[in-house]
Amino acid sequence: MSEADRPETITADNERSLQKLAWAIAASQGEFKLIFARCNYASLRSRLVPRLQELSAVEIRVLVLPESSHTLYAVIRDELGQDQPAALSILGLESVRQLDRMLTSANQVREEFRNHFHFPLVLWITDLVHQKLIELAPDLESWGTTRSFAIAPQELVELFKQTAAQFFANQLKLTPKDCWELEGELTAAQQEFLSAGFLEDLELAANLESLLGFAKYLNGNIDATLVHYQRSLALWQQLPNLERQGHILKDICFCFYLKAIHQADTEHPDWQATRHYLQESLRVLQEAQRPDLIGESIGSLGRVLRHLQEWEQLQALAEQAVPLHTAENNLIKLAKDYGFLAEVALAQRRWHNANYLAQQALANLGQVSDPDIPVLASSWYRFLLARSQYHLGQPQAAILNLEAAKEFSDPVIDLKGYLDILSHLQQLYFEQKEYFKAYAIKQKQRSVEQQFGLRAFIGAGRLESQQQEKSALTQVEYQGSIAHEIVAAGRQRDVEQLVERIGRNDCKLIVIHGQSGVGKSSLVNAGLVPELQHRTIGTQDVLVVPMQVYTNWVGELGRLLAADLVTDVRDTIQGLVERLRGNERLNLRTVLIFDQFEEFFFVYPNPIQRREFFEFLGACLQVLSVKVVLSLREDYLHLLLECNRLPSMAVIGYDILSKNVLYPLGNFSRDDARSLIAQLTERANFYLEPGLIVRLVDDLASELDAVRPIELQVVGAQLQAENITTLDKYNSLGTDPKEELVQRYLAEVVADCGAENQQVAELVLYLLTDEKGTRPLKTRIDLERDLKGLVIDWPTGQRQLDLVLKIFVASGLVFLLPEIPADRYQLVHDYLVDFIRHQQEPKLKAELERERKQRQQAERFIPQEFLQVFGHGNIVDLQLGNAVEAEMTILVTDVRSFSIRTAAMSTQATFNWLNNYFNLVSSVVYNHHGFIDKYIGDAVIALFPSKADDAVLSAIEIQNKLAEYNLEQESQGKEPLSIGMGINTDKLMFIVTVVGLSQRMETTILGEAINQASRLEGLTRVYGVDILISEQTLHRLDNPQKYSPRFINNIQVKSTGKALAVYEIDSTVSRAC
């Protein structure tokens, strides 16, 4: 050993370096100074940091970076607040997950360090971190001075000798942070040992390779793990050391198993390697005469044997382990032994024995008091118990245990086990005719398969962010990342361009637009959101708030903001804006993403209702750190022009449709589609012939010379479901294989509704199309009405409709558009219309046409809205004496001086004039969710079941249309028209009564509320106003002040003798709304 390598020499050198570092800190008080302390080993750092504090003349504050840190500057600023310590020492850089991003960001904002941190900053780094600093943050690195610290080689040898002993004794317990540190330390040590000639010691080299393999394994890099384990195996075979050979062979076997489980072909090289190393590990351990080590190996080898269905070997291994673990009183391992024996019993159809063994496993686990025991084990034992209960005729008990198993399992830990639980649970729910629960489980299964790369296509569902499985021992915590489909389809470029826009201060608003089915929601949820969640922009962390529900957009956005920030947000627009400004003070860049924004226009069909949101949007654009992303179908883009004239839109130049705001998203080109199919199928180990990929893209692009993403997903999903991988098999589907696959895909969703519900399911799909090839919006009552004449057993059909709609919405085939007063449903894409009508039309067309004509004739006498009040969809359901009470707002209109105006008119002219007037009034009423009760002479009685605002807005709009009409009348020298309107809100009684001797039924409305509304209309003449509303109506308005109400008088109600306050509504307020 040279003098320089002696421990005492290295210790003295480290002491001198620490002293110089302390002097530098003392000399740099009150100014920013960057110092790098290079040290590769945590054990040495743990001694150096406190020693530096002892030597320093000033107090040194210590900050350990969390592994999840994104921005170095932000972490320091948040930790210190307004404090300026004498010095700050930063530890943990080597363990930061997003280190590259952190260093790049630090380099970009380096001036912020100098401007705000007036103290010396000591960064403890390893050689690897220093190399990354030079590559990624060269400017920041150039500001610093470096002090290096070493460890004595012999001390290092002893350290890793002890670590290896712990590893082979299965006693090396590491946190995620420890895993990263260990890998870095081993890499540095290997270089030091290599340059010093220490690796000629075979045992040291074997220990290093074994530990490097273990560290790579813990950090989720299986391929690198195998490289190091193979090297270590060769070294242990040279020594020889049978026990350590057996341990490494067992670990190699398990690594190949983790690779092999993604391969459907059991003769794949990964499966062959798994079987080879399984037998080799058992042979070597038996040769070493260490039955205890064989018993200890049951955790990993048992999983492999179970998957390979080597039941006899698994039984022998478990029976060998039981006495060993009983003697040790190791209840956790004993439970695992019984679990494997239960697996064997199930495979051998010994149901009672399997039930007993599974209960034994749970009983042993239940005796463990350690709260840190893995709940995953409990999940597996409950799964085994449920399978035995199913075969013993106990389906409900089996469902309860499967639900518990699902709750406690984690696909990141055990993907196959989790999917097995879902598969059995789905089957059991379907057999019990709980079809929606079965379908929800099926969708969950497919979503998990897509996220983990097992499913190439997902059908009409939405892409989710990508996940990665980790082994039972792996310590790495995975977060969702950009879905592989986004990257493979070339959409990664779109994600990067969108992130770049969000990072620019001159880009406040982005409108992503495209045709239905181009993948806007998938791009947002599986690409943009996960990318932003892992981002920092400048010195700001990003808070992403994606939203898709607009029924109560203020409350929903408030809930999302509160969920992200663990704080209360007032459900008012001002409260939301205040919260966003507060985020800015917290150094957060808030990105509000309004996905499927076309639904907003369904919920709020009136421009006056929408103005509130657009004013909020304008307020957001005034907050510097807030960015807004709207994603919607391009046929709704023109509706955004409503907000162009708002003063707050100056920041985007009063041009919401400019190229600086819009971001178009289109279909895939042929080349992109071919590349995407090849990459997705390869990743999912679902290999398609090259010729099939070419033909498939040609078929998909035949109509548009481009490929719709949603159609690719639907057709691809059916290819995978039927395992069609060759061109011959594809051609065997008929003259139009693509159409056949779409039909089969639709049929599969229909089948998921259950055989007894098939007729209703097929009819619902058909009724969501029309002869124009479009997708009409329909309420549930609309569908119920259309179905009644087609389904023989309607009481059963009514229940079937609820189930079918829930499954169709969950499948992604049908959109649910939340609206007031009733939700509406729409088929997901136009291209499905032709497929559905082609399949169903021949047998349904005549029946549907007959039913439609009957309904139109009936609705001339009783409006559909009356049927909704009674809870019916068809007039034939009304029964004599049916009655229902409901609160509504009544609008009564009357033309002033009608008799004088029409005295000189002919009967036909009067009739034509009235028709035009009634059309004007009724169209406005229906646009505001109301309906007409009666026309009495020139008077109209309209009812509004949802909101009092609907009636007031109708009255205002009618008066404004009347003003336009009067301008035209006056220009022709004619008398202007004047209308009085009275509005009241109260409860009404709807009754089905008999008229005359013919027993003809009609609906009658009873209630003093109508009389009061009529009286208010009459008082408009007395007070010389256009619109009067009652006190009850005023109190039910969402925001009364918006209508500038003016108190008129208190009038006496004849029926009660009580006073009723009356208010005028100014019809000109709409011009300001």
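Structure above, values below:
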| quantity | calculated |
| --- | --- |
| Test set (1) of a type outside the set (Ser, Thr, Tyr); (2) over 30 Å from VAL715 (Cα atoms); (3) part of a helix (DSSP H, G or I) - ASP671 fails condition number | (2) |
| Selected residue (only one of ALA215, ALA206 is buried (at least 20 other Cβ atoms within 10 Å of the Cβ), more than 45 Å from the chain's Cα centre (by Cα) and without any contact (Cβ under 8 Å) to a residue 40 or more places away in the chain) | ALA206 |
| Residue check, ALA74 touching a residue at least 40 places away in the same chain (Cβ under 8 Å), more than 25 Å from GLN19 (Cα to Cα) and surrounded by 18 or more Cβ atoms within 10 Å (Cβ to Cβ) | yes |
| Conditions (1) in the same structural domain as GLY514 (by TED's automatic domain parsing); (2) crowded, with 16+ Cβ neighbours inside 10 Å; (3) in contact with a helix residue (DSSP H, G or I) (Cβ under 9 Å, 6 or more places away or on another chain); number of the one not met by PRO607 | (2) |
| Any hit, the stretch 171-178, residues being farther than 16 Å from ASN40 by Cβ and touching a helix residue (DSSP H, G or I) at 6+ places or on another chain (Cβ under 7 Å) | yes |
| Failed condition for SER648, given (1) in contact with a Gly (Cβ under 6 Å, 6 or more places away or on another chain); (2) part of a strand (DSSP E or B) | (2) |
| All positions within the stretch 147-202 that are on the phi > 0 side of the Ramachandran plot and either crowded, with 17+ Cβ neighbours inside 10 Å or free of Cβ contacts under 8 Å to residues at least 60 places away in the same chain (or both) | GLY197 |
| Test: residue in the stretch 326-341 that is more than 27 Å from LYS259 (Cα to Cα) and acidic (Asp, Glu) | yes |
| Some residue of the stretch 383-398 being without any contact (Cβ under 8 Å) to a residue 60 or more places away in the chain and touching a Ser or Thr at 6+ places or on another chain (Cβ under 6 Å) | no |
| Tabulated pairs, the stretch 804-818, first farther than 17 Å from PHE602 by Cβ, second part of a strand (DSSP E or B) and modelled with pLDDT under 85, C-beta under 6 angstrom, 6+ apart or interchain | none |
| Residue identified as buried (at least 17 other Cβ atoms within 10 Å of the Cβ) and hydroxyl-bearing (Ser, Thr, Tyr) among SER28, SER43 | SER28 |
| Residue check, PHE119 assigned by TED's automatic domain parsing to the domain that holds LEU91, modelled with pLDDT of 90 or more and surrounded by 20 or more Cβ atoms within 10 Å (Cβ to Cβ) | yes |
| Helices (runs of 4 or more DSSP H) (entirely within the stretch 691-752) containing at least 2 residues that are at pLDDT below 90 | 709-721, 737-751 |
| Subset of the stretch 914-934 (residues that are surrounded by fewer than 14 Cβ atoms within 10 Å (Cβ to Cβ) and in contact with a strand residue (DSSP E or B) (Cβ under 9 Å, 6 or more places away or on another chain)) | LYS934 |
| ALA165 vs. criteria of a type in the set (A, V, I, L, M, F, W, C), part of a helix (DSSP H, G or I) and closer than 27 Å to LEU48 by Cβ | yes |
| In the stretch 658-675, the residues that are touching a residue at least 24 places away in the same chain (Cβ under 8 Å) and within 18 Å of LEU630 (Cα to Cα) | ASN660, VAL661, LEU662, TYR663, PRO664, LEU665, GLY666 |
| Answer from ARG683, ARG670, ARG695 - the residue that is surrounded by fewer than 20 Cβ atoms within 10 Å (Cβ to Cβ) and touching a strand residue (DSSP E or B) at 6+ places or on another chain (Cβ under 8 Å) | ARG670 |
| Selected residue [outside the structural domain of CYS507 (by TED's automatic domain parsing) and more than 30 Å from the chain's Cα centre (by Cα)] from ASP655, ASP699 | ASP699 |
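Condition check ((1) modelled with pLDDT under 80; (2) of a type in the set (A, V, I, L, M, F, W, C)) across all residues:
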{"residue": "ASN984", "(1), (2)": "no, no"}
{"residue": "GLN999", "(1), (2)": "yes, no"}
{"residue": "SER1014", "(1), (2)": "no, no"}
{"residue": "LEU1037", "(1), (2)": "no, yes"}
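Residues are listed down the side, and each one gets a yes or a no for (1) farther than 22 Å from HIS262 by Cβ; (2) crowded, with 18+ Cβ neighbours inside 10 Å:
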{"residue": "LEU402", "(1), (2)": "yes, yes"}
{"residue": "ALA405", "(1), (2)": "yes, yes"}
{"residue": "ASP410", "(1), (2)": "no, no"}
{"residue": "TYR418", "(1), (2)": "no, yes"}
{"residue": "GLN426", "(1), (2)": "no, yes"}
{"residue": "GLU434", "(1), (2)": "yes, no"}
{"residue": "LYS437", "(1), (2)": "yes, no"}
{"residue": "LYS444", "(1), (2)": "no, no"}
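The values are calculated or read from the model by the stated rules, or taken from the named source; none is laboratory data. Quantities reported herein were computed from a predicted structural model and do not represent experimental measurements. Every residue, glycine as well, gets a Cβ built from its backbone with ideal geometry; the counts of neighbours run over all protein chains shown.
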